[in-house]
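Read through the structure below, which is laid out as structure tokens, and then see the notes.
Where a number appears in this text, it was derived from the coordinates with a stated rule and is not lab data. Remember, it's a predicted structure, so these values are computed and weren't measured experimentally. Glycine gets a Cβ as well: all are built from the backbone with ideal geometry, and neighbour counts include every protein chain shown.
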Amino acid sequence: MTIDPPAMPSLTRDELETFRREGYLVPPRPVFPPKKFDALRRHFEDKISRLPADVSPESMDTPHFTDPKLFEWLFADEVLDLVEPLVGPDIALFSSHFIAKPPGTGRRVPWHEDSAYWRKNIEPHDVVTVWLAIDPSTRANGCMKVIPRTHSGGFSEYEDVDHATNVFGAQIKPHQLDESKAVYLELQPNHCSLHHAKLMHASDPNTSAIRRCGYTMRYMSTRVKLNTDYCGKWHQIYLARGRDHAGNPYADPTRSYPSLARYRETSGPKGGH
């Protein structure tokens, strides 16, 4: 019988200071015990195998709305213990997204801040993303790159870009960032990076022969207020740990919400989720 190794501590004091200073962190250890990660990978492969032929795997936004099984990983202590030092003991799940770049796909993710897409959704914009590698994520297949220490400002100015060659239709105006400072976050499967919602980040096209998939799991303090007047018809959040402080409504993680998912797909804003 194989026994999984004991869990590692969440974040060290130095790692916490690094995240606060740089706006991102790459913990040098796997997130889940091997069996638990393998189960997530199998679950993802099953989901992607059932996608219609004309649906891009990059479109698997908020899959937990219709797949409650994902909460086995979204609410797992291994993940929540990583984000608790950053957002506090009372944690809400803001969103999740499987981001799969098929091999040879020539579209880039332009420079952006996640918070720019959420500016009307929540206040303040203090969301931490756990970017969990399902596949190896390298420079060759378009891993995420970040510009350190860009998470303390406001929203940048954006300009339109060609959607045929970019996953999003807008990017931060080039004069507002120094791309020479970019750091590439290469990850092995079951390893993760953490980044703040205001951190500038992007990724290059996957022109390799290897798929690049990650599962983004996004969390915030329950002191962050959800603007239900704006996004209540197409978005919802979940209480992951602790108790509410902002008077937010929370969805039931044991339920599926297909009508909400359909409304989001047809009427909700598209962007950096």
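Express the C-alpha Rg of the chain as a ratio against the empirical globular expectation 2.2 N^0.38 Å, rounded to two decimals.
In units of the globular-protein estimate, the chain measures up at 0.95.
Please identify every one of the trypsin sites (Lys or Arg not before Pro) in the stretch 152-244 that sits in a loop by DSSP and has no more than 13 other beta carbons within 10 Å of its own beta carbon.
Numbers: sites: 181, 198, 211, 212, 218, 223, 225, 233, 241, 243; in loops: 198, 211, 223, 233, 243.
Answer by residue number: 233, 243.
Once you list every other residue whose beta carbon is under 10 Å from the beta carbon of residue 148, what net charge do they have if Lys and Arg are +1 and Asp and Glu are -1?
On the way: positive: 21, 149, 181; negative: 22.
Once all neighbours under 10 Å are counted, the net charge is +2.
Could you tell me the relative contact order of the stretch 62-159? Use alpha-carbon pairs under 8 Å, at least six residues apart, and round to a whole percent.
Details: 32 pairs, mean separation 26.9, N = 98.
Reported relative contact order: 27 percent.
Cut-off is 10 Å between beta-carbons; in what order do 204, 162 appear when sorted fewest neighbours first? Provide the component values of the computation, followed by the final result.
Numbers: 204 18, 162 9.
Ranked by crowding around the Cβ, least crowded first: 162, 204.
If you line up the Cα atoms of the stretch 178-273 on their principal axes, what length do they span on each, largest first, in Å?
That works out to 42, 30, 29 Å along the principal axes.
Quick check: pseudo-label points 7 Å beyond the Cα along Cα→Cβ at residue 155 and residue 188, how many nm apart are they?
Computed distance between label sites residue 155 and residue 188 equals 4.1 nm.
Which ordering of 152, 96, 49, 193 is given by a fewest-first count of other beta-carbon atoms within 10 Å?
49, 152, 193, 96
In whole Å and largest first, what semi-axes does the C-alpha gyration tensor of the stretch 94-192 yield when each eigenvalue is scaled by 5 and square-rooted?
Values: eigenvalues 95, 62, 43 Å².
For the stretch 94-192, the ellipsoid semi-axes come out as 22, 18, 15 Å.
Quick one: what Rg and Dmax do you get for the stretch 165-213 from the alpha carbons, in Å?
Over the stretch 165-213's Cα set, Rg and Dmax evaluate to 13.0, 36 Å.
Kirkwood hydrodynamic radius (Cα pairs, Å) of the stretch 1-145? Walk me through the numbers before you get to the answer.
On the way: mean 1/r = 0.0577 Å⁻¹.
Taking every pair of different Cα atoms in the stretch 1-145, averaging 1/r and inverting gives 17.3 Å.
Sort out for me the Cα centre separation of the stretch 20-72 from the stretch 201-273, rounded to whole Å.
13 Å
Just need log10 I(q)/I(0) for the stretch 21-61 at q = 0.14, 0.25, 0.29, 0.35 Å⁻¹, Debye formula, equal scatterers on the alpha-carbon atoms, no solvent, rounded to two decimals.
Values returned for q = 0.14, 0.25, 0.29, 0.35 Å⁻¹ are -0.54, -0.86, -0.95, -1.13.
Counting alpha carbon pairs within less than 8 Å and at least 6 residues apart, what relative contact order, in whole percent, applies to the chain? All intermediate terms of the calculation are to be shown ahead of the outcome.
On the way: 551 pairs, mean separation 81.3, N = 273.
Dividing the mean separation by the residue count of the chain yields 30 percent.
Going by how many other beta carbons lie within 10 Å of each one, how would you line up 149, 50, fewest first?
Numbers: 149 14, 50 8.
Going from least to most buried by this count: 50, 149.
With point charges of +1 on the Cβ of Lys and Arg and -1 on the Cβ of Asp and Glu, referenced to the Cα centre of the chain, which listed residue (205, 146, 188) lies farthest in the positive direction of the dipole?
205
About its Cα centre, what dipole magnitude does the stretch 32-267 give when the only charges are +1 on Lys and Arg Cβ and -1 on Asp and Glu Cβ, stated in debye to the nearest 20?
Details: 29 positive and 30 negative charges, 47 e Å.
So the magnitude is around 220 debye.
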